[in-house]
Structure formats: C-alpha cells, structure tokens
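Engineer: First the structure, which I've put down as structure tokens, then a few questions once you've had a look.
Please treat every number below as a calculation from the coordinates, not as lab data. The structure displayed is predicted, hence computed values, not measured ones. Glycine gets a Cβ as well: all are built from the backbone with ideal geometry, and neighbour counts include every protein chain shown.
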Amino acid sequence: MSLIVFTLARFSGNPLDVMLPLEATAEDYERVAKHWGLDQPLYVQYGIFIGRALQGDFGMSWKWPGRTAMGLVAERLPATLQLAGFALLISALIALPVGVLSAVKKGTGWDAAAKVIALMGQSLPGFWLGIVLMWIFAVHLGWFPTSGRGGLQYMILPAITLGWFQVAAMMRLVRSSMLEVLDSEFVKLARIKGLAEWKVVWKHCLRNASIAPLTFFAIIAGVLMTGSVVTESVFSWPGTGLLVIDAVRARDFQVVQAVVIVFAGIFIMTNLLVDILYAYLDPRIRLR
Amino acid sequence: MPRKIGEPILEVDDLHTYCFTRWGTVKAVDGMSFSLREGEALGIVGESGCGKTMTALSLLKLLPRPVARIIKGSIKLQGEDLVPKSEREMRSIRGRRISMILQDPQTSLNPVFTIGNQLIEAIQIHHDERRRSLVRRAIDGLKQVRVAAPERRVDDYPHQMSGGMKQRVVGAIAISCEPKVIIADEPTTSLDVTIQAQYLRLLREIQEATNLSLIFITHDFGIVAKMCDRVMVMYAGRVVESGPVRDIFNRPAHPYTQALLSSVPSMDEDVERLYSIAGQPPGLWDLPIGCRFAARCQFAEDRCRQQYPPAVTIGEGHTASCWIAKGT
C-alpha cells in the first residue's frame, strides 16, 4: 500500500517545479533537492520514508512550511470524520427502514419509488450532485449555506452528496437480503406462535438480514473517505479530502502519503469493527 | 392414560383455497370438508403438491400473501369460524388454540436467538408474566419434550443442537401454550429413522397426556398406521377417501388409495421393482371436470371423465369419491 502511494505520488511530477520560483537556477534546484533528499534514487527515498513512518514520522510539509505532514492531517481529520460520520448515520437511518419496507411491501408503488431513488443515487456522480444541490438549495432557495464548516446546516448538503450513493446501494442490499429471510421457515414459525407482524419483521428478520449489508458497511467506510475528496472540494469543507487535493496540486508528497496512510488505517479499523459486529449479530460466527 | 376421543373440535366445511398467480388460478384446496375430534389424530396423506400444506396453512390463515386466499368455506374451531377473523384476532388464536410443527427443524428455528429466547417468546405472547417465571416455563417445556439438561440447553443456539433435538424444541414451542389442535406437517421427513421413531413416540405421549387433537400431514402410510385414528387421502386438492385407519388399510375403496398402498414396500415380499403409479397428477391450474385421478386410473370409465364422483359410503365413517367404488 505504502509503496503504491509512494510511487503514484511521484508520477505527478517534480515537486521542485512548484516549490521553487520560476527564476530559480540549476544550483537552487540541486540545493533544495539535496535538502529534502530528492537527489537520492527512488528506492533509497522509499527506504527512508518507511523507516521514518514506522517511527511515526511522516516528514515535514513542503507547501505549509514548518508544519509536519501528520500534524496537518490530525488537524483536518475531525472535520472529515464529522462529515463522514454524519453521512453514514443518515444513510443508515434512511437505507435500513426503506430497504426493509420495500421488501415487506414488495411490488407496490412504495417499492418502485424506492427503486427510483436508489437508481438515482447510484448513477449521479458526486461532483455533479454536489453542485446541483448547492445551486438549488443554497443559491436559489437559500436554505443552507453554500460552503464552509459551521453548525448542522453546513453539513446537510455535503452529507447528502456523500451519502446518497451509499443509501442507494445499501437499500437494495437490505431489500434483497430481507426478501430472502422473509421466505424462511423460522419466519413462518414466528407467525405460527402468534407473533405480531412488526416483531416478525424487525426482530426476527432484520437481524438475520443484516449480515450482507454489514459487510457493505465496511466498504462504505472506505468509499466515504475517498468520496470526501470530491465532496469536500465542492463544498470547501476543511477536512482531509480538501487537504489532500491541495497537497497533490502542490506535489506535497509528504502530506499525500500521510493522508493515504491514515485513510488506510481507518479502513482497516472499520473492517475489524465489522468483523467484531458479525460475531455479535450471528452466534454461529462466534468461537466456542 | 388412554386418550379419550370426544366432541368435534375443528370442523372444516367446503374449504376452497386458491392461489392467483400470473399463470392462472391454482386450485390448491378445492372443496375440503372434514372434522377433527378432541384427542383424535387425523392423518392427511397424498403426494407432493396435492394441497396438504396449503390446507394446513389455511387452517392457521397463514397463506402466502397476496397470492393465496380462502375463497369459500368455513373453518370452525370450537364452534367459532376462523375464516372471517381479522389478522389481529388470528394472532391471539395462533399458538394458543391452534399450532403447527413445521417440516424442517434445521431451518424452522431462528439461528440468531437462543432456543430459550424463542420458547419464551412463544409463551410471552399469550402469558403476561415476569421474566423469571417465563424462563421456568421454558425449562419445563424443554423437559416435556425430553431435552436433557434443559437448564443448560435453554441458553444454547440452534446450531449447537442436533436435528432431532431441534425438532423437539419446535415441538416444545408448539405445545407451549397448550393449544387444542396441532398440525404436524411432515414433522419427521428430515430426521433419520431411529430419531423419527423416537419423535413420533414423544408426540404420541404428549397427545395422551394433554388430550390434544393432531393433524398429521404425511406421505408415509407407516406413520399413519402408527399415529392416526382416521386418515384422509388427498388428491389434486380434494379428499378422495377418508375413514378409520384400519378400514382404509384393509379395504381401500378408491383406486388411488389402493395404488398408494401398493407402492408401500412390504417387509415380507421380495420385489424386483417397487410399484409406482403411472403418470403425473393433473396441474392444479387446469383440472379435468370429471374425476381427477381418471387419467391415471386403470379402472376409469367414460363416466369418470365426465362427472366428478359423489362420496360413497363404504363402511362406518368410511367414504370414497369414486364411481366404481362399491358401497355397502
């Protein structure tokens, strides 16, 4: 992972072109390159990077002098987590009930409407959706601010942009696994007992149907991180997504590397969390 | 304690349950009438797809919605007709007055809840009690179906139990609220033979102890002989013959019953090939006007193909719907 990021970042061009003024001489280039270790062959640079990264040192930022790369990431991360968390929360709050209801009311108008919403979420690209939402709700209607970070009203539009795709996929997934579970024998038995239908659906079915959507949840966590790059730049949300865009533009490799490593760490953590949740939901996964 | 066969407790009259599918109307149950007495065991026999399970689901009014519906007829449980009852009213009847044991114990328990939890849930619906006494009842329930170490087993999940054990739990759930009628839909089909025998014995004992009425849906005449007092033979959505088990075995009047009985292998004879009935049952969406078995019947006459035969009395409580069956 670190190797890929390291190499890809270096494909974007020579950072010195950005760092140094136009009138810089060849000696200037050489001096600065030497200072940052950029005169070394790539494998040596990578070795140094890994060695330091393992000690928690991701180097200094080039674009923001005097700041460490990790320090910048740490400063911006809460904003991203806040937005991603909010998006995740509303997507779960919408996707679960809507998915369950469209399975229960399969083939009705409700189901069809949910399908259309899902289809839109899946097919509208984030950057376009963000701009259109901003144009309608912020510019024309003036309900929400166009950009920046502040109270809840600042979060609504970016969270919708970020979350819609997730809602769509999750809703379909919940629906299909619910349909499968609704057909099973133990659901029939629950009804034979005389159990109320809402309990059959929300207690007996949902827990069995939540395994597949949960797996998807782990993937979503990753998508939200990467999705934040687009959304945050559209809404000028001061999070890591915006940071990484600025860093890439400035060829500030240190910051780019730090951001990607942190994203990867979050991705691994959520997957671990999901694995733990599996065991909670399904006793068959628990070890004896 | 011997069973006491009492008054009729369940009376089904002219029941029609149809499924409305894209391809046409499937007449799954097409005019069933029967009655079940208190403490009696009634067998419903027939091949797959003849409407046995749909009959059972009709009695509980748990038909797959919105496809299947009861079109006509009445189901009187202790004199009360269930057909016009609302879903809410049915919920207080299911489990408490009429219950069911499903075919496959492997899938009929919810894998994510402990068996105690599922048993308690069944009891709780009809008994508003404190948690502690519910747990007590659950343990007693397991004891009743001979689950060893019930105090420990209540906290087990279904995957920690064997198939036979799970089916006992399903049985415990069925009897937990002391229903009057239990429908057992091929309860032993997926169990192996020794476990099957144990389970049947257990059901028998429970029936003797509680004097409940049992409807046994099966395709196994051996089970009927062992478990039932009376038997109904179903073919293509209708009852073709019904009567006391002994009469049906000794004097089967309907050619279909005769054919079914001949397809049961005998222990005393060596046969090269097992007997089987030629042909397929008619599709339930496209039934002939005459006798439904006529196409496969070796005695069929013209009359059989043109008109549905009326029920003929063969002996006491023994009737058959056949033109050629000889009455008394």
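Engineer: Highest first, please rank the peptides A:253-264, A:172-183 by the mean number of other Cβ atoms sitting within 10 Å of their residues.
Structural biologist: A:253-264, A:172-183
Engineer: If you average the sequence gap of Cα pairs under 8 Å that are 6 or more apart and divide by the length of region B:256-328, what percent do you get for the contact order?
Structural biologist: 20
Engineer: Looking only at other chains, what is the average number of their beta-carbon atoms within 10 angstrom of each beta-carbon in A:194-200?
Structural biologist: 5
Engineer: Now, a different point. Dipole of chain B, Cα-centred, from +1 at each Lys and Arg C-beta and -1 at each Asp and Glu C-beta, to the nearest 20 debye?
Structural biologist: 860
Engineer: Next question, about the same structure. Mind checking the angle between helix A:26-36 and chain A's longest principal axis? C-alpha axes, 0 to 90 degrees, to the nearest 10.
Structural biologist: Between helix and principal axis, roughly 50 degrees.
Engineer: Can I ask one more? To make sure I understand the rule: partners must be lysines, Cα under 23 Å from the Cα of B:Lys72, and not fewer than 8 residues away in the same chain. Which ones qualify?
Structural biologist: Here the lysines satisfying the reach criterion relative to B:Lys72 are B:Lys27, B:Lys52, B:Lys61, B:Lys85.
Engineer: Next question, about the same structure. Taking only the alpha-carbon atoms of region B:208-328, what semi-axes of the equivalent ellipsoid follow from 5 times the gyration tensor eigenvalues under a square root, in whole Å, largest first?
Structural biologist: In descending order the semi-axes read 24, 19, 15 Å.
Engineer: Output wanted: per-residue J couplings in Hz (rounded whole) for region B:206-222, from phi through Karplus 6.51 cos²θ - 1.76 cosθ + 1.60, θ = phi - 60°, x for Gly and Pro.
Structural biologist: 4, 4, 5, 6, 10, 6, 8, 9, 10, 10, 10, 9, 7, 10, 10, 5, x
Engineer: Using alpha carbons only, how many degrees (0 to 90, rounded to 10) separate the axis of helix B:131-144 from the longest principal axis of chain B?
Structural biologist: So the inclination is approximately 50 degrees.
Engineer: Something else: Calculate the mean, over all residues of peptide A:178-187, of how many other protein chain Cβ atoms lie within 10 angstrom of the residue's Cβ.
Structural biologist: Whole-number average of other-chain Cβ neighbours for A:178-187 is 3.
Engineer: Right, another one. Given a Förster distance of 25 Å, report the FRET efficiency between B:Ser92 and B:Ile5 from their Cβ-Cβ distance, rounded to the nearest 0.05. Spell out each step's value before the answer.
Structural biologist: Values: r = 27 Å, r/R0 = 1.09.
Efficiency for this residue pair is about 0.40.
Engineer: Oh, and also: Under a plain spin-label model, where a point goes 7 Å from the Cα along Cα-to-Cβ, how far apart in nm are B:Arg152 and B:Arg305?
Structural biologist: Computed distance between label sites B:Arg152 and B:Arg305 equals 6.7 nm.
Engineer: A follow-up question, please. With 16 Å as the cut-off, how large is the P(r) tail for region A:2-54, expressed as percent of Cα-Cα pairs?
Structural biologist: Roughly 46 percent, once rounded to a whole number.
Engineer: Could you list B:Val29, A:Val201 in order of exposure, starting from the residue whose Cβ has the fewest other Cβ atoms within 10 Å?
Structural biologist: By the 10 Å Cβ count, ascending, the order reads A:Val201, B:Val29.
Engineer: Would you mind putting B:171-178, A:213-220 in packing order, based on average other-beta-carbon counts within 10 Å, highest first?
Structural biologist: B:171-178, A:213-220
Engineer: Still on this structure, please answer the following. For the protein assembly as shown, taking Cα atoms only, what is the radius of gyration to one decimal and the Dmax to the nearest whole Å?
Structural biologist: Rg and Dmax of the protein assembly as shown, Cα atoms, are 34.8, 122 Å.
Engineer: Same structure, new question: Which cross-chain or sequence-distant (5 or more) residues have an amide H under 5 Å from the amide H of B:Ile71, H modelled 1.01 Å from N in plane?
Structural biologist: Answer set, sorted by chain and number: B:His16, B:Thr17, B:Tyr18.
Engineer: Looking at chain B, send over the antiparallel percent of its DSSP beta bridges, to the nearest 5.
Structural biologist: 65
Engineer: Which order, highest average first, do B:288-297, B:231-240 follow once you tally other Cβ atoms within 10 Å for each residue and take the mean per peptide?
Structural biologist: Put in order of decreasing packing, that is B:231-240, B:288-297.
Engineer: Then there's this: Between A:Asp28 and A:Asp246, what FRET efficiency comes out of the Förster formula 1/(1 + (r/R0)^6) with R0 = 30 Å and r the beta carbon distance, rounded to 0.05?
Structural biologist: Once rounded, the FRET efficiency stands at 0.80.
Engineer: Assuming R0 = 30 Å, what is the FRET efficiency of B:Ser74 and B:Glu205, from their Cβ-Cβ distance, to the nearest 0.05?
Structural biologist: Working: r = 33 Å, r/R0 = 1.09.
Taking R0 as 30 Å, the efficiency between B:Ser74 and B:Glu205 is 0.35.
Engineer: Oh, and also: Just need the relative contact order of chain A here, percent rounded to a whole number, with Cα pairs under 8 Å and 6+ apart.
Structural biologist: 27
Engineer: Ignore the peptide's own chain and count Cβ atoms of other chains within 10 Å of each Cβ in B:105-114; give me the average, rounded.
Structural biologist: Values: counts 1, 1, 6, 8, 4, 12, 7, 12, 7, 1.
Taking all residues of B:105-114 together, the mean is 6.
Engineer: Moving to a separate point now. How far is helix B:163-175 tilted off the main Cα axis of chain B, in degrees rounded to 10, range 0 to 90?
Structural biologist: Roughly 90 degrees, rounded to the nearest 10.
Engineer: Here is a follow-up. Only helical DSSP H runs with n ≥ 4 go in: add -39500 (n - 2.57) per run for the protein assembly as shown, normalise by residue count and round the 222 nm mean residue ellipticity to 500 deg cm²/dmol. It would help to have the intermediate numbers written out before the result.
Structural biologist: Numbers: 25 runs with 311 residues, N = 616.
The helix contribution divided over the protein assembly as shown gives -16000 deg cm²/dmol.
Engineer: Computed over the Cα atoms, what is the radius of gyration of chain A divided by 2.2 N^0.38 Å, N being its residue count?
Structural biologist: Compactness ratio reported: 1.26.
Engineer: Using only alpha carbons, build the gyration tensor for region A:217-271 and give me the equivalent ellipsoid semi-axes, biggest first, whole Å.
Structural biologist: Computed over region A:217-271, the values are 20, 14, 6 Å.
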